1. Using DSSP H assignments, which helices in chain A have an axial alpha-carbon span of 30 Å or above and a mean Kyte-Doolittle hydropathy of -0.5 or higher?
2. Report the antiparallel proportion of the DSSP beta bridges in chain A as a percent, rounded to a multiple of 5.
3. Which percentage, to the nearest 5, of the DSSP beta bridges contained in the range A:629-774 is antiparallel?
4. Which value at 222 nm does chain A reach when only helices count, each DSSP H run of 4 or more adding -39,500 (n - 2.57), with the total divided by all residues and rounded to the nearest 500 deg cm²/dmol?
5. Quick one: how many lysine pairs does the range A:619-774 have with C-alpha atoms less than 29 Å apart and a gap of 8 or more or different chains? Give me the count, please.
6. Which semi-axes, in whole Å and largest first, does the equivalent ellipsoid of the range A:275-392 have when worked out from the alpha carbon gyration tensor as the square roots of 5 times its eigenvalues?
7. Report the antiparallel proportion of the DSSP beta bridges in the range A:297-421 as a percent, rounded to a multiple of 5.
8. Taking the highest mean first, how do the peptides A:391-400, A:339-348 order by number of other beta carbon atoms within 10 angstrom per residue?
Amino acid sequence: MGEFAMGQPVARFEDPRLLRGGGRYIDDLVLPNMAHGYVLRSPHAHAKILSIDTSAAQKLPGVLAVLTGQDWADSTFADLPTATGRKRRDGTPMYRPPFPGLVKDRVRYVGDCVAFVVAKTIAQAMEAAELIEIDYEPLPAITSTADAILPDAPRVWEETPDNIHFVHTEGDKAATDAAFAKAHHIAKQRLVLTRVTAASMETRGAVGDYDAAADRYTIYSPLQRALVFRAELMTTLRVPESKIRVVAGDIGGSFGMKSGVFNEVGIVLLASKIVGRPVKWISTRSDSFLCDAHGRDNVTDVELALDKDGKFLGMRVKTIAAVGSYTQPGSESGPVGNLGTLAGVYTTPAIDVDVTAVFTNTNPMRPYRGNGRPEAAYVVERIIDVAADEMGIDPVELRRRNLIPPEAMPYKTALSFKIDCGEFEKNMDMALVMGDYAGFEARRAAARKRGKLRGIGVSNSIERAAAPGFEGSEIRFDRTGSVTVLSGAVTQGQGHETAFKQIVCDDLGVSPNDVHYLQGDTDQVFFGEGTGGSRTAGIGGSALKMATTKIIDKAKKIASHMMKVDDVECVEGLLTSRSSNRSMTMKEIAKASLDPKNLPVGMEAGLNASAVYTAHVQNYPNGTHVCEVEIDEETGQVELVEYNVVDDVGNVINPLLLKGQIYGGVAQGVGQILMEEIRFDPESGQNLSGSFMDYAMPRAEHFPHITVKSSPVPTQTNLLGVKGAGEAGCVGAMPALANALVDAMSHLGVKHIEMPATPERVWRTMEAAKAARA
Amino acid sequence: MINVTMTVNGREMTGEVEARTLLVQFLRDHLRLTGTHVGCDTTQCGCCIVHVDGKAMKSCTMLAVQAQGKAITTIEGLAAKDGTLHPMQQAFRDNHALQCGYCTPGMVMMGIDIARRLPDADEATIRHQLEGNICRCTGYQGIVEAIKSASAVLNGKQEGGSHA
Ligand code: FES
Ligand code: FES
């Protein structure tokens, strides 16, 4: 097996550059004559703008332009693209609120973009912004998701008096009602999935550069779907896509957040057009809490019906999910796009899901790692533990009684998933051994002697990865036999360069030193959908596999022609003829392919190939998490003490990259359960979590050593047999940790604890349970 | 405007700055050493850590004028001229301690500082020492392992990179 073959722990090729300070993130970009912009944001959650006076700001030295909502409205630009395609309960189409780059007469969340100052320096722009006088008339605001549908809730949009954006149902209501009618036991729980933010360490930013002579726009911005983004941006700029270039550069983390056409992207392009210079906007961290799209945020009521043996008969899920104040294409996917995960890895025959998406005076929502998957896994895995507790059955045993067996594959669940493969009981058993589930009670007793409450939690999860779609790839050999590899995927840290170079080097026998990887530039990459939804290894990897296959086919033909044989085989890039005992390397073929005498008549010169892979069905990564916590009974402080994961992401391209994805995903899931939360003041609608001092981020000391083992069941749904890995860690972590917390406190009578389980909340939960018992 | 002079990665650098110019701004905007990053505005994240006279400092929390006459090392100053990585950089690569790479320069600079001050630091100590550094991508596991293994190399407890 070659050193770059599938499954080898190849150290990342992107690392030496990034480790030496050679990353090229958006704030590192300086263009000649570049001006700087500052967004003046709404300080109100909801208000009318009565007047804006920018005259004093305009006069400040260095100021090049001050743009307001009026300038946006008067420009050639259309508003930003919004979500489509969903309906309200009565079947009428959903309301699609206008989404201008700068608002004119009404602000709808704290952070809404009101004015944009362009100046020679950012300090001048900020100073000028302070001189803009705006007369606001504050209006009542609604920031609570659950309360948004109350009859007297303030209206975010006049057009939707009930604040309901759309309603979505899934599953079989009649069958579920029937299942509940014959239930022996019904477990019920309300679960609040808090609002969190991606908080990538690199904040958002953009440089807009309008070339008047060519009438062409270039946007430099960390964006995880460069080509799709260009198509969306086209509708705002009202020019053909060919007049737009998107350059993503290095992306300092995204997790779904840096994916839509945001206000500031449109604004810097408009500003560049007006001032005739490139214009840069960089979000400060404080700004990012006010202006980034947030994730999760729903309130779910779940019920599980069981027979007397603990067999799941049916499940009902009713969710109110926030969409924020404005929508974007794809923003409807968070509440409804991944409901299939609710069925879990279980045989539950009937499920009824009802989702109401509501407007609130809050930041717009975007996918955030998992995008509905962790939320759904949390719901099903929590209610199983609630049911287990109520029925006095061990939660692992209860899961075991309901698992889909491998022999039932392919298995159609009561929701949308048609699972092609998976060995769920094996995953669970492996994880239980790793986490020594059998020996837990002894650890619990030992902890108790130290004044600690120890709990263990288990989650099984499954999700949809690589939803049907396309990805493009291209391989170009140059004259001397070195290679440029291009992909429509866009890495935000996942390590695509390494995974893709592994495929190219292993298939074509070239040295990684000879391979240049290029992504995220729409003038270079011909086709692609970008990275998101755990799609790139499966779809992008398959696209590259198609391209290497085309290269090999052509190389074989050239080699046969040159060696005058007809038995050329290609093994790891070496083209060999047994009959003649001759061979050529891919590099030699590439060089030869540019000399007409070496080519069969009619063959195009050069060794290049492009490919578009089409995924017709998704794949289903799955796994089990087992974790243990210790709670200090005096202070409510939680310590995560053990963490074990078994994942099935099919074939593994590179175990280093895979584990990195799992660790990172677990960390984000743990962050949400223990500490992170975007919180708004219910009265004023102010965002109370506006910096890293108020928004708690998980740090190194919050984690134990995490052990990850793979139990791969390769999928046939793509050319590599891989399943998505980007979101799995986060999906499994939230329910496993929440279950461990409740387990630690269940002897006190605690049935559930909301996230984030801060020391104060944990302490109050224990005290309330004790008081209720007394 | 104020004249500042400091040694940056072994070379004497001068520049004109405003009194309010931060060290990180001087490094990034004046010297174009963009490997030092900014991840927050409240001294929480550590993306901006450089060495000032050999000690890890958050360059977002220090004025350029405070670095007057001092020796600064940034992430760009660690590798050998021929590109050989510093043992801490090498350990970050070997242990997959970076994903997006944004927190990485600060983590590497902090890692070297930890290895210098606490040569015997165990995993728990390293985790605690990283309380001023946030990484959103890696879950910290590779970072902790990298610092531990590079520390052994740097403190002469183990064979390793050419720099040790
Ligand atoms: S930028 Fe210095 S600590 Fe965050
Ligand atoms: S590697 Fe992305 S923030 Fe640390």
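The values are calculated or read from the model by the stated rules, or taken from the named source; none is laboratory data. No experiment lies behind these values; they were computed from the predicted model shown. Cβ: placed from backbone, ideal geometry, glycine included. Neighbour counts: every protein chain shown. Side chains included, ligands, DNA and RNA excluded: accessible areas come from the protein's heavy atoms. Shrake-Rupley method; radii C 1.70, N 1.55, O 1.52, S 1.80 Å.
1. Result, helices passing both filters: A:541-563.
2. Numbers: 106 of 133 bridges.
Taking every DSSP beta bridge within chain A, about 80 percent pair in antiparallel fashion.
3. Details: 5 of 10 bridges.
Antiparallel bridges make up about 50 percent of those DSSP assigns within the range A:629-774.
4. -8500 deg cm²/dmol
5. Details: A:Lys659/A:Lys709; A:Lys659/A:Lys723; A:Lys709/A:Lys723; A:Lys751/A:Lys770.
Here the count comes out as 4.
6. On the way: eigenvalues 288, 33, 27 Å².
Whole-Å semi-axes of the equivalent ellipsoid: 38, 13, 12.
7. On the way: 12 of 22 bridges.
In the range A:297-421, approximately 55 percent of DSSP beta bridges are antiparallel ones.
8. On the way: A:391-400: 16.6, A:339-348: 26.3.
Packing proxy ranking, top to bottom: A:339-348, A:391-400.
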